[in-house]
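**Student:** Before I ask anything, here is the structure I am working with.
Each reported figure results from applying straightforward, stated rules to the coordinates on display, with no laboratory input. Keep in mind that this is a model prediction, so the values were computed, not measured. FYI the Cβ positions are ideal-geometry reconstructions off the backbone, even for glycines, and counts take in every protein chain you see.
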Amino acid sequence: MKLYFIAPIILLSLFPLTGCDSDKDLNVVEIPVTPYEIENLWMVGNATPADWNIDNPVQMEKTDANIFRYEGTLNEGEFKCPMEPGNWGGPFIMPAVNGVTISHTGVVSEEISLMPDGNPDNKWVVTESGTYQVIIDGNKHKIHVTYLN
């Protein structure tokens with residue numbers, strides 16, 4: 001029985017161990033992100049003051065090219081961001097995957113996607129009501145969420 005425990009140690013000692021001196025340098029390649037061209041952006045969903053009224057969504061403030069901000073109340077519920085009011089089949093900014101949560105700790109995943117025809121129907125899920133600042137950055141394809149109170 002002792003042979004079974006000793007044998008692996010003996011086998012390992014037969015093979016010389018080498019260092020990493022011959023490793024190559026790591027080349028990092030940055031792939032540029034093409035900005036989403038966003039003229040206007042709104043929020044719609046039961047987490048917003050507009051509820052699901054696509055004809056009267058909450059307009060986000062444009063702070064820079066392709067960057068939008070909302071500061072205000074979000075309720076427990078869902079939302080997504082249409083680029084055109086009154087059109088469920090138009091372009092939307094949404095989370096890259098459905099059900100990304102938002103709470104007092106922020107947003108679980110910052111990645112956003114442009115859905116040209118609103119599909120798939122991904123939504124952010126607010127799990128804690130409160131006052132938030134939401135910034136959609138179409139240049140970097142990111143959402144930043146800060147819980148204010």
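**Student:** List the aspartates and glutamates whose Cα lies under 19 Å from the Cα of residue 123, skipping any in the same chain that are fewer than 8 positions away.
**Tutor:** Here the aspartates and glutamates satisfying the reach criterion relative to residue 123 are 51, 55, 71, 76, 78, 84, 110, 111, 137.
**Student:** Short version: ³J(HN,Hα) in whole Hz for each residue of segment 32-39, in order, from phi by Karplus 6.51 cos²θ - 1.76 cosθ + 1.60 (θ = phi - 60°), x for Gly and Pro, what are they?
**Tutor:** My calculation for segment 32-39 gives x, 9, 7, x, 7, 7, 10, 7 Hz in order.
**Student:** At a Förster radius of 25 Å, what calculated FRET efficiency corresponds to the Cβ-Cβ distance of residue 119 and residue 65, to the nearest 0.05?
**Tutor:** Approximately 0.40, to the nearest 0.05.
**Student:** Going by amide H atoms built from the backbone, whose H comes under 5 Å of the H on residue 113, apart from near neighbours?
**Tutor:** 94, 96
**Student:** Provide the gained length on full extension for the span residue 56 to residue 33, in nm with one decimal, where the gain is 0.36 nm per separating residue minus the Cα-Cα distance. Please report the intermediate quantities before stating the final value.
**Tutor:** On the way: separation 23, 0.36 × 23 = 8.28 nm, distance 3.14 nm.
Result for the pair: 5.1 nm of gain on full extension.
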